[in-house]
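Below you'll find the structure, written out as structure tokens, and then a few comments.
Every read-out reported here was derived from the displayed coordinates using simple, explicitly stated rules and does not represent laboratory data. Please read all numbers here as calculations on a predicted model, not as lab measurements. So basically every Cβ, Gly included, is an ideal-geometry build from the backbone, and we count neighbours across all protein chains shown.
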Amino acid sequence: MTDFIGFVWRRHRLLGLITLVALVAALIFAVDFLAEAVYFADPAHRDRPVEPWMSLRYVERSWGLPRPILFEIIGHDGDTPREAVPRSVGQALRDTGMTLPEFQAMVEEAQRELRARRGR
């Protein structure tokens with residue numbers, strides 16, 4: 001194995017470095033994916049009450065809502081680019097004038113409707 005690494009380093013240094021960077025990037029994405037999967041597999045992290053500090057992505061994952069549905073709750077079109085949407089629940093509430101209990105109720109209702117459509 002070390003002979004092969006030595007050969008690649010001597011003869012194909014650029015290709016070896018590119019491969020190494022690609023492997024490190026793949027490892028980072030794999031670790032991130034696994035960490036998120038383990039975190040949201042824990043029932044304590046599902047359906048958590050919404051709080052202003054939460055990102056909209058966190059609410060999506062925690063409540064199992066697709067992005068277009070959550071965007072519609074805060075008054076954006078489902079096709080709106082992520083950059084044009086507030087980053088946190090608190091920002092979305094300020095922008096829409098909605099209260100946290102109203103937002104929570106809308107998230108719960110959207111989840112009930114989604115589960116009913118899926119037959120759960």
Expressed in angstrom and ordered largest first, the alpha-carbon extents of the chain along the principal axes are 64, 31, 25
Connecting every pair of Cα atoms under 10 Å apart in the chain and solving the GNM, the largest mean-square fluctuation among I18, I69, I28 falls on I18
Computed from the beta carbon distance with a Förster radius of 41 Å, FRET efficiency for E51 and F29 to the nearest 0.05 stands at 0.90
Within the set V85, V24, V59, GNM on the chain using Cα springs under 10 Å gives the largest fluctuation to V24
